[in-house]
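Below is one structure, written out as structure tokens; the observations come after it.
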Amino acid sequence: MKTSLNLPDELVKEAMQLTDVKTKTKVIVLALQELIKKNKVADLKSYKGAFDLNLDIDTLRNRNARPD
């Protein structure tokens, strides 16, 4: 999708330098991907403690072990 944006030059330049990304398009795509990831992680964190999965770490570690 082609879109025209008015972005602060210094902000885009700094983002390009920090990420070592060479094009404005790629740095904006990266920024959007990171924003989406950040929000998805925050959404997942809201479920912390909401579920009791009743998992036993020792059982999980041995789940691929074959019985003798």
Exercise. Give, rounded to the nearest 20 debye, the magnitude of the charge dipole that the chain has about its Cα centre when Lys and Arg contribute +1 at Cβ and Asp and Glu contribute -1 at Cβ.
Key: 280 debye
Self-check item: Contour minus Cα-Cα distance for Gln33 and Glu10 (0.36 nm per residue)
Solution: 6.2 nm
Quiz item: Hey, what angle do you get for helix 24-45 against the long axis of the chain, alpha-carbon based, 0 to 90 degrees rounded to 10?
Solution: 30 degrees
Quiz prompt | Added length on full extension, which subtracts the Cα-Cα distance from 0.36 nm per residue, Asp52 to Asp20 | solution = 7.3 nm
Self-check item: trypsin sites (Lys or Arg not before Pro) restricted to DSSP loop in the stretch 1-67 with at most 10 other C-beta within 10 Å
Solution: Lys2, Lys22, Lys48, Arg63
Self-check item: Solution diffusion estimate, µm²/s, Stokes-Einstein, the stretch 5-68, Kirkwood Rh from C-alpha pairs, 25 °C, viscosity 0.890 mPa s
Solution: 155 µm²/s
Practice problem: As a check on your grasp of the helix formula, calculate [θ] at 222 nm for the chain: sum -39500 (n - 2.57) over DSSP H runs of n ≥ 4, divide by the residue count, round to the nearest 500. | Solution: -17500 deg cm²/dmol
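Read-outs: derived from the displayed coordinates by stated rules, not from any lab. Worth saying up front: this structure is predicted, and the values here are computed from it rather than measured. Positions of Cβ are generated from backbone atoms using ideal geometry, with glycine treated the same way; all protein chains shown enter the neighbour counts.
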